[in-house]
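Each remark here refers to the structure printed beneath this line.
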Amino acid sequence: MYQTAVARNAGEPEFHQAMHEVLESIAPALDEHPEFLESGILERIVEPERQVMFRVPWTDDRNRVQVNRGFRVQFNSALGPYKGGLRFHPTVNLSIIKFLGFEQIFKNALTAQGIGGAKGGSDFDPHGKSDAEIMRFCQSFMNELYRHLGEHTDVPAGDIGVGAREIGYLFGQYRKVTNRHESGMFTGKGTGWGGAEVRTEATGYGAVFFTEEMFATRNASIDGKTAVVSGSGNVAIYAIEKVQQLGGKALTASDSSGYIVDEAGIDLDLLKQIKEVERLRISSYAERRTSARFVSGGSVWDVPGQIALPSATQNELSLRDAKALISNGVEAVAEGANMPCLPDAVHAFQQAGVLFGPGKAANAGGVATSALEMSQNASRQRWNFSDSEDRLHNIMRGVHSAAFEAADRYGRPGDYVVGANTAAFVKVADAMLAQGVI
Ligand code: NDP
Ligand code: 2IT
């Protein structure tokens, strides 16, 4: 079945990798549910319900016409409207969007909030673009995408390269071309115009809450521990913030140019100033802080830490990196990013007895808080920060126990990969079975 899917989706290595990881871990659930195989659930679940690719022409500040490619892969809506982020990055292609959309089906199922799975984006590179160029690109992108969206159809949000600024421009254009102020068609909006409190912090906070739950199964906690973190975007910044709030010490951050190590612990105000306000490279952090040094290139995973939170991008943590972390005494790894650890790195962590939280469980806090935003939009309510954070915390406890209990039930105690994949798969497959062959 996997080989057929690979042949049907030739040249899509990231999608193959994501499919393989799920398919190889759900065997115990399939043994218990022969009806899933009999009704073609596997063949259907790896085939997106709909895929849209489109031209995105725009004019740069020098009046030259630029052309990018837009994508939206609406993977599965058995549990609810399509839901998942948009990524703007030069490496975006169909394989990347399909792997992300496929992962999103299972992640969203784990949140238990009635949301289907989708992903989209463009090979547009926001780095170095003016605000006006970003706006014109977002408007052109939405001129096509709007017809595929809607609060009961498909609800995008941010991902790499898509933050508050881009969401503002995208939402504005949707409103203009549809003549509808439809709050529930996008999440991650500004808190002044329909956005939920804690959505900005949610993915990073959630990954650290998940880590805390994993530690609790060994009567341990984050308090007093050191953490190494990759990335310096939305997920990384708020993962660092929550580590610090829980008494840990985050030592690193990175971007595509290299990483910084700050033995005194990351100065969050400075990191936010550099990344969120001034939009500079991470090396600027070391220029402004004497306790920090910048390492160009190299691997951030060579820095010793008891917790590792890969929070940049897919396939950023190799077997070599895993071995370095293990020999430096890492105790827990939680994927803030989607599929950041290569399969043999995951295996190495598990063999070494390191607590390992896969992305579809550990980083589910972002999309879970997006679903909270949808609830607030639908009921015209506003929940305050601490109420919203409590809800996020409870959802992450629920995601953890769903994965933990399924791992036990299927004979793989402590294996959160098997636990998350089986718990999520059974939920989606049950819904697909009940809804017929569609
Ligand atoms: P941001 O755009 O805010 O930050 C991305 C960070 O990762 C930047 O520091 C960026 O550095 C770095 N990065 C991106 N691509 C690469 C690359 N190819 N090589 C090296 N560094 C890279 O994105 P987010 O923080 O939102 O997303 C980070 C990860 O978390 C992604 O995998 C995303 O899918 C995942 N995620 C995000 C959620 C969210 O709510 N935002 C929810 C769940 C998962 P540079 O600026 O140099 O490119
Ligand atoms: O990967 C992800 O879960 C996200 N980028 C967030 C998706 C969302 O709809 O909030």
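The values are calculated or read from the model by the stated rules, or taken from the named source; none is laboratory data. Quantities reported herein were computed from a predicted structural model and do not represent experimental measurements. Don't worry about glycine lacking a Cβ; one is built from the backbone with ideal geometry, like all the others, and counts go over all protein chains shown. Each accessible area value is taken on the protein alone, full model and side chains, heavy atoms only, with ligands, DNA and RNA left out. Shrake-Rupley method; radii C 1.70, N 1.55, O 1.52, S 1.80 Å.
Please pick out the residue among Thr187, Thr211, Thr203 that is in a helix (DSSP H, G or I), at pLDDT 95 or above and open to solvent by less than 10 Å² (accessible area, probe 1.4 Å).
Testing whether each residue is in a helix (DSSP H, G or I), at pLDDT 95 or above and open to solvent by less than 10 Å² (accessible area, probe 1.4 Å) leaves just Thr211.
From the list Ala286, Ala239, Ala227, Ala250, which one is within 16 Å of ligand 2 (Cβ to nearest atom), among the hydrophobic types (A, V, I, L, M, F, W, C) and crowded, with 17+ Cβ neighbours inside 10 Å?
Values: Ala286 fails: within 16 Å of ligand 2 (Cβ to nearest atom); Ala227 fails: within 16 Å of ligand 2 (Cβ to nearest atom); Ala250 fails: within 16 Å of ligand 2 (Cβ to nearest atom).
Residue meeting the stated conditions: Ala239.
Taking Phe349, is it part of a helix (DSSP H, G or I), of a type outside the set (Gly, Ala, Ser) and either under 19 Å from the mean Cα position of the chain (by Cα) or surrounded by 16 or more Cβ atoms within 10 Å (Cβ to Cβ) (or both)? Walk me through it before giving the result.
On the way: part of a helix (DSSP H, G or I): yes; of a type outside the set (Gly, Ala, Ser): yes; either under 19 Å from the mean Cα position of the chain (by Cα) or surrounded by 16 or more Cβ atoms within 10 Å (Cβ to Cβ) (or both): yes.
Yes, satisfied.
Quick one: is Pro340 over 14 Å from Thr252 (Cα atoms), open to solvent by less than 40 Å² (accessible area, probe 1.4 Å) and within 16 Å of ligand 1 (Cβ to nearest atom)?
Working: over 14 Å from Thr252 (Cα atoms): yes; open to solvent by less than 40 Å² (accessible area, probe 1.4 Å): yes; within 16 Å of ligand 1 (Cβ to nearest atom): yes.
So Pro340 fits the description; yes.
Evaluate the following for Glu197: is it within 16 Å of ligand 2 (Cβ to nearest atom) and not in a helix (DSSP H, G or I)? Outline the logic, then answer.
Details: within 16 Å of ligand 2 (Cβ to nearest atom): yes; not in a helix (DSSP H, G or I): yes.
In short, yes.
Being out of contact with any Gly (no Cβ under 9 Å at 6 or more places or on another chain), assigned to a helix (DSSP H, G or I) and crowded, with 21+ Cβ neighbours inside 10 Å is the filter here; which residues of the stretch 299-337 pass it?
Passing the criteria: Trp301, Asp321, Ala322.
Just to check your reading of the model, which residue among His400, His393, His347 is modelled with pLDDT of 95 or more and in contact with an Asp or Glu (Cβ under 7 Å, 6 or more places away or on another chain)? Break it down stepwise before answering.
Working: His393 fails: in contact with an Asp or Glu (Cβ under 7 Å, 6 or more places away or on another chain); His347 fails: in contact with an Asp or Glu (Cβ under 7 Å, 6 or more places away or on another chain).
That would be His400, the only listed residue that is modelled with pLDDT of 95 or more and in contact with an Asp or Glu (Cβ under 7 Å, 6 or more places away or on another chain).
In the stretch 106-141, which residue that is more than 13 Å from ligand 1 (Cβ to nearest atom) and among the hydroxyl-bearing types (Ser, Thr, Tyr) is nearest to the chain's Cα centre (by Cα)?
Among residues in the stretch 106-141 that are more than 13 Å from ligand 1 (Cβ to nearest atom) and among the hydroxyl-bearing types (Ser, Thr, Tyr), the one nearest to the chain's Cα centre (by Cα) is Ser122.
Which condition from (1) within 16 Å of ligand 2 (Cβ to nearest atom); (2) closer than 16 Å to Lys249 by Cβ; (3) of a type in the set (Gly, Ala, Ser) is the one that Ala332 breaks?
For Ala332, the exception is condition (1).
Restricting the stretch 66-105 to residues that are touching a Ser or Thr at 6+ places or on another chain (Cβ under 8 Å) and among the aromatic types (Phe, Trp, Tyr), which is farthest from ligand 1 (Cβ to nearest atom)?
Ranking the qualifying residues of the stretch 66-105, first place goes to Tyr82.
Starting from the stretch 9-32, keep only residues that are at positive phi, then list their pairs with residues that are assigned to a helix (DSSP H, G or I) whose Cβ atoms are within a distance under 8 Å, requiring at least 6 positions of separation or different chains.
Gly11/Ser95
Please find, within the stretch 388-415, the residue that is farthest from ligand 2 (Cβ to nearest atom) out of those that are in contact (Cβ under 8 Å) with a residue 60 or more places away in the chain and among the acidic types (Asp, Glu).
Among those that are in contact (Cβ under 8 Å) with a residue 60 or more places away in the chain and among the acidic types (Asp, Glu), it is Asp415.
Could you list all residues from the stretch 304-327 that are in contact (Cβ under 8 Å) with a residue 12 or more places away in the chain and hydroxyl-bearing (Ser, Thr, Tyr)?
Hits for the stretch 304-327 are Ser311, Thr313, Ser318.
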